[in-house]
Amino acid sequence: MIEVVLNDRLGKKVRVKCNEDDTIGDLKKLVAAQTGTRADKIRIQKWYTIYKDHITLKDYEVHDGMGLELYYN
């Protein structure tokens, strides 16, 4: 299990525990459960790279304690 911190730049930080084999889509569903926002309205990115739903966290080299950017579409 790893913990990922998502910052929406509006004052909200969401901490999510997940596995490295989970996809970005799975991570969005976990974030949606905590924030109350629909998963299809969430965009996760790091710098200018928008993360695709079908790729795993391990493939994006997301590690324990890593911070990602959370945007609402």
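For this structure, a couple of remarks:
- Computed label-point distance, nm, for sites Lys46 and Val5 using a 7 Å Cα→Cβ extension: 1.5 nm
- Excluding ligands, DNA and RNA, the accessible surface per residue across the chain is 64 Å² with a 1.4 Å probe.
- Helices in the chain, meaning DSSP H runs of at least 4 residues, each add -39500 (n - 2.57). Divided by all residues, the mean residue ellipticity at 222 nm is -5000 deg cm²/dmol.
- Rolling a 1.4 angstrom probe over the chain with all protein chains present gives an accessible area of which 49% lies on carbon and sulfur atoms.
- Structure-derived log10 I(q)/I(0) by the Debye sum over Cα atoms at q = 0.15, 0.23 Å⁻¹: which label, when the choices are (i) -0.74, -1.05; (ii) -0.40, -1.04; (iii) -0.62, -0.97: (ii)
- Under the Karplus curve 6.51 cos²θ - 1.76 cosθ + 1.60, θ = phi - 60°, whole-Hz ³J(HN,Hα) for region 28-37, x wherever Gly or Pro sits: 4, 5, 5, 5, 4, 5, 7, 9, x, 9
- Cα-based shape type of region 1-42, given that a ≥ b ≥ c are square roots of the gyration tensor eigenvalues and the cut on a/c is 1.5: oblate
The values are calculated or read from the model by the stated rules, or taken from the named source; none is laboratory data. The model shown is predicted, which means the values in this text are computed figures rather than measured ones. Counting neighbours? That spans all protein chains shown, and the Cβs are built from the backbone with ideal geometry, glycine included. Quick note on the areas: whole protein, heavy atoms, side chains included, nothing else; ligands and nucleic acids left out. Shrake-Rupley method; radii C 1.70, N 1.55, O 1.52, S 1.80 Å.
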